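The structure under discussion appears below in the form of structure tokens.
Where a number appears in this text, it was derived from the coordinates with a stated rule and is not lab data. From a predicted model like this one, the values you see are computed outputs, not experimental measurements. Backbone-built Cβ (ideal geometry, glycine too); neighbour counts: all protein chains shown.
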Amino acid sequence: MSSQDGCRLYLITPDHLPDLADFARLLEETLAAGDVACVQLRLKGVDDETIATAVKKLMPACHARDVAFILNDRPDLAAQLGCDGVHIGPDDMPYDEARDIMGPNASVGVTCKNSRHVAMEFAEAGADYVAFGAVYPTTTKDDATPVDLEEIEIWSETINVPCVAIGGITVENCEAVVKTGADFIAVCKGVWNYPQGPAAAVREFNAVFEKNR
């Protein structure tokens, strides 16, 4: 998962995937539409077997496009299933434990909400990226903490560790976030619920990224 030159798309799956086969086909179409840095599998309220089944179904589609596959919350399952990385929040697991489980070569990203101080601590500990948000109001997370775009801009200008901006970001409002220098923009509903379809959303996001390189 590389930021390369300029901002890239960090795609998050919906919380619930009632028809995994249909979603796998949709994911393939979506990834074929343009550059995506990674896909984070974020399933809530399901058992380990359901997560494992989803990983085995969706990860090959990502790897076929050289897209990193990240599992949310669960370093144990991420390591067991061979995921490229894991994303943890402040209430999931201490960073050091997650890193021990994942090993030195996997990606470990952390949620920092609106705190550059917390982000700095994780960066110094070795996190591969830090995530700031919510940038805009969002219904994806009930406990989202608002973050000022200036915080992301300061981080991007002063710290080498990549940052992800997350929360309520859409094709229509993303340009201001891209201009902060954020390495990645994390999007869920802004892609899957896009009126013209997810593939069109990926194309439109990438057009904004290209415009601002």
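Data for the structure
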read-out	value
Stretchable slack from Thr170 to Glu150, in nm (0.36 nm times residue separation minus alpha-carbon distance)	5.3 nm
Likely footprinting exposure, His87, His16, His117, fewest C-beta neighbours within 10 Å first	His117, His16, His87
Lysine pair count for the chain [Cα-Cα under 14 Å; pairs on different chains or 8 or more apart]	4
Value at 222 nm in deg cm²/dmol, rounded to 500, when DSSP H runs of n ≥ 4 in the chain each add -39,500 (n - 2.57)	-12000 deg cm²/dmol
Zone of His117's modelled label, taken as backbone nitrogen in the stretch 151-178 under 18 Å from a point 7 Å along Cα→Cβ	151-152, 154-155
Packing-based exposure ordering (other Cβ within 10 Å, fewest first) of Lys189, Lys113	Lys189, Lys113
Footprinting exposure proxy for Thr139, Thr50 (fewest neighbouring C-beta atoms within 10 Å first)	Thr139, Thr50
Computed E for Asp5/Lys57 - FRET, C-beta separation, R0 41 angstrom, nearest 0.05	0.80
Dipole of the chain, positive direction: furthest Cα of Pro137, Asn160, Met93, with charges on the beta-carbon	Pro137
Label point distance in nm, Ala64-Gln196, each placed 7 Å from Cα along Cα→Cβ	2.5
Solution diffusion estimate, µm²/s, Stokes-Einstein, the chain, Kirkwood Rh from C-alpha pairs, 20 °C, viscosity 1.002 mPa s	126
